Amino acid sequence: MAKTAVILFNLGGPDSQAAVRPFLFNLFNDPAIIRLPQPLRYLLARLISSRRAPKAAQIYARMGGRSPILPETEAQARELKRSLGSDDYRVLIAMRYWHPFASEAAREALAWGADRVLLLPLYPQFSTTTTASSLKDWRRAAAKAGLDVPMAAIGCYPEESGFIVAQTALLRQALAAVEAEPAQRGPLRILFSAHGLPKRVVLDGDPYQMQVERSVAAILRQLNRPEIDSVICYQSRVGPLEWIGPSTEAEVARAAKDGCAIVVVPVAFVSEHSETLVELDIEYAHLAMRAGAASYTRVPTVGTQPEFIVGLARLVRNATNYDGDPVSGSGEKPCGNAWRRCTCAS
């Protein structure tokens, strides 16, 4: 069997307080994030990273001084390798904005003697700002490393059964715990929270919002609790542009005003990091309780849930398109012609 290097894409995060500012610079210097030509993008990235670094450093200080995203991704890589069950696979990590970068993974794949490469983003829903950016970065890194082998790529898997089953199971556990509380008499509301995007990115044909909606619809079908109210909302807004909505902050406040027991599902995140551990767990929890919510519960990310890992392994084994064009996890083009920024092959 051919030796296959499976490359897990993720965002990355600072591994020390000293890494916060350069991590932010790398993020904002990405043309997929700030769509300006150089040197304007470079200058703006320096300005934004300098201004945001002190506040960001405080956020990471609340998590022990570093982002947990690399240890979380390493655990997922180990479990995926175990699930694949063959030494013909090696699972490597390529972070977009901090170590280990794609260049490091490409050199490791080359040194191992990979016969082919499969790119697997830990972003179930495709966006130009995440998956497409990582794919472009990988191609540059692989070319520079001299890694010239057949390549396949999974572009998205918003309705992959392992992902949906794992997230639904965690949601069911959270709902059962809330409903078991003796004081729980009021309405429940599920907030499916995803990272936001500027509205103009979606209007330009990015399919992310549509794919988030498909993930939520699949989870709700699996959950089969139509009597529970639910809302899709978006968090982590930065900058002056109009973002897709409604915002998670506004929906937390609205649910609290309605006296709801709030259950938040991080539907577009598969590992814990600052947006879940600080923004959802601390900032929005405080907002909910100040505003009068009956309770506030945050559902964990799927992490290393067995069903999710089995689903990733299934994507790896089913990948047969090694001509370089990304495909969806279903093997079909899921977005239609309206979403022109989707790069998945037909």
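The values are calculated or read from the model by the stated rules, or taken from the named source; none is laboratory data. Since the model is a prediction, treat every value here as computed from it, not as a measurement. Every residue, glycine among them, receives a Cβ derived from its backbone with ideal geometry; neighbour counts consider all protein chains shown.
Here are a few things to note about the model shown:
- Any pair with Cβ under 6 angstrom, 6 or more apart, that starts in the range 17-35 at a residue that is farther than 15 Å from Gly239 by Cβ and ends at one that is assigned to a loop (DSSP other than H, G, I, E, B) and modelled with pLDDT of 95 or more: Val20/Pro14; Phe23/Pro14; Phe23/Tyr97; Phe23/Trp98; Asn26/Tyr97
- Residues being of a type in the set (D, E, K, R) and in contact with a helix residue (DSSP H, G or I) (Cβ under 7 Å, 6 or more places away or on another chain) - total across the range 123-171: 4
- Check on Ser134, in the same structural domain as Phe9 (by TED's automatic domain parsing) and of a type in the set (S, T, N, Q): yes
- For the range 54-84, a residue qualifies if it is of a type outside the set (A, V, I, L, M, F, W, C) and either more than 25 Å from Ala5 (Cβ to Cβ) or part of a loop (DSSP other than H, G, I, E, B) (or both), and the qualifying residues are Pro54, Lys55, Gln58, Tyr60, Arg62, Gly64, Gly65, Arg66, Ser67, Pro68.
Here's the yes/no breakdown for (1) of a type in the set (Phe, Trp, Tyr); (2) under 21 Å from Ile164 (Cβ atoms); (3) assigned by TED's automatic domain parsing to the domain that holds Glu249; (4) at pLDDT below 95:
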{"residue": "Val270", "(1), (2), (3), (4)": "no, yes, yes, no"}
{"residue": "Val278", "(1), (2), (3), (4)": "no, no, yes, no"}
{"residue": "Ala285", "(1), (2), (3), (4)": "no, no, yes, no"}
{"residue": "Arg290", "(1), (2), (3), (4)": "no, no, yes, no"}
{"residue": "Val310", "(1), (2), (3), (4)": "no, yes, no, no"}
{"residue": "Val316", "(1), (2), (3), (4)": "no, yes, no, no"}
{"residue": "Ala319", "(1), (2), (3), (4)": "no, yes, no, yes"}
{"residue": "Tyr322", "(1), (2), (3), (4)": "yes, no, no, yes"}
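- Looking only at the range 68-93, and only at residues there that are among the hydroxyl-bearing types (Ser, Thr, Tyr) and within 23 Å of Leu135 (Cα to Cα), the one that is surrounded by the most Cβ atoms within 10 Å (Cβ to Cβ): Thr73
- Subset of the range 263-287 that is surrounded by fewer than 19 Cβ atoms within 10 Å (Cβ to Cβ) and charged (D, E, K, R) - its residue that is farthest from the chain's Cα centre (by Cα): Glu283
A quick yes/no check of all residues on (1) touching an Asp or Glu at 6+ places or on another chain (Cβ under 7 Å); (2) within 28 Å of Lys55 (Cα to Cα); (3) of a type in the set (Gly, Ala, Ser):
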site	(1), (2), (3)
Gly146	no, no, yes
Glu160	no, no, no
Phe192	no, yes, no
Lys199	yes, yes, no
Gln211	no, no, no
Ile228	no, no, no
Leu241	no, yes, no
Ile244	no, yes, no
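- Residue count for the range 180-219 under the criterion of being among the hydrophobic types (A, V, I, L, M, F, W, C) and either more than 23 Å from Ala255 (Cβ to Cβ) or surrounded by fewer than 18 Cβ atoms within 10 Å (Cβ to Cβ) (or both): the result is 7.
- Look at (1) out of contact with any Leu (no Cβ under 9 Å at 6 or more places or on another chain); (2) of a type in the set (S, T, N, Q); (3) outside any helix (DSSP H, G or I) and you find that Gln173 fails only one, number (3).
- Between Leu188, Leu197, Leu223, the distinction of being farther than 29 Å from Cys342 by Cα and touching a residue at least 24 places away in the same chain (Cβ under 8 Å) belongs to Leu188 only.
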